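Working notes, structure below.
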Amino acid sequence: MDIRRATVEDAALVATLNLAVHQVHVQARPDRFKPLAATDEFVALVRERLADEHTYVFIGEVDGAAVAYALVMHYQRPEDSFAYAVNFLNIDQMSVNPEYRSQGYGEQMMNHILDFARSLGIRRVTLNVWTFNERAIAFYERCGFKTYEHRMETLID
């Protein structure tokens, strides 16, 4: 798989790549996630994210076909009274097209992200994953990620 950094010209492609992973969230939590289509409005939102200097989007291609993508955000915050300075990458979105799963492309994308972090001198990479997404959790754990925080909710009638 060849991995390249997306540009604003890739906004429609990235929007389309997002649909498969977003649908998993819609199915599991329709109270939280809205159905999504690659509308002009959504493509414009993706274009804005691609233009953000702190956002990196990577596209994995096999034989010219986009099979995977990741949207990674760089966070920096100075030290304050409560915490030391932070400098980390957060994987906001990552997906392999369903027909290309279990072929090593997710691992290649993850290795690319971790190598990218190293190239920036960043030693911490984070991500959030919903508890219903057991397949993703198992994948991230195989890649060395560990739970460091729990987020909880209650839904009130």
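No lab work stands behind these numbers, since they all come straight from the coordinates. A quick note: this is a predicted structure, and the numbers were derived from the prediction, not measured. All Cβ positions, glycine included, derive from the backbone under ideal geometry; neighbour counts span all protein chains shown.
Observations on the structure shown:
- Kyte-Doolittle at least 0.0, axis length at least 24 Å by Cα - qualifying DSSP helices, the chain: 11-28
- Radius 13 Å from Cβ of V8, net charge of other residues (Lys, Arg +1; Asp, Glu -1): -2
- Column: log10 I(q)/I(0), Debye, Cα scatterers of the chain, q = 0.11, 0.12 Å⁻¹: -0.48, -0.57
- Using the alpha-carbon positions of region 72-157, Rg (one decimal) and Dmax (whole number) come out as 15.3, 49 Å.
- Centre-to-centre, using Cα atoms only, region 88-111 and region 1-61 are separated by 14 Å.
- Three-way shape label, region 16-68, alpha-carbon gyration tensor, a/c 1.5: oblate
- Charge dipole (debye, nearest 20) of the chain; +1 at Cβ of Lys and Arg, -1 at Cβ of Asp and Glu: 400
- Dipole magnitude for region 27-77: computed about the Cα centre from +1 point charges on Lys and Arg Cβ and -1 point charges on Asp and Glu Cβ, it is near 320 debye.
- Highest-first packing order for the peptide set 55-61, 112-118, 66-72 is 66-72, 55-61, 112-118, based on the mean count of other beta carbon atoms within 10 Å.
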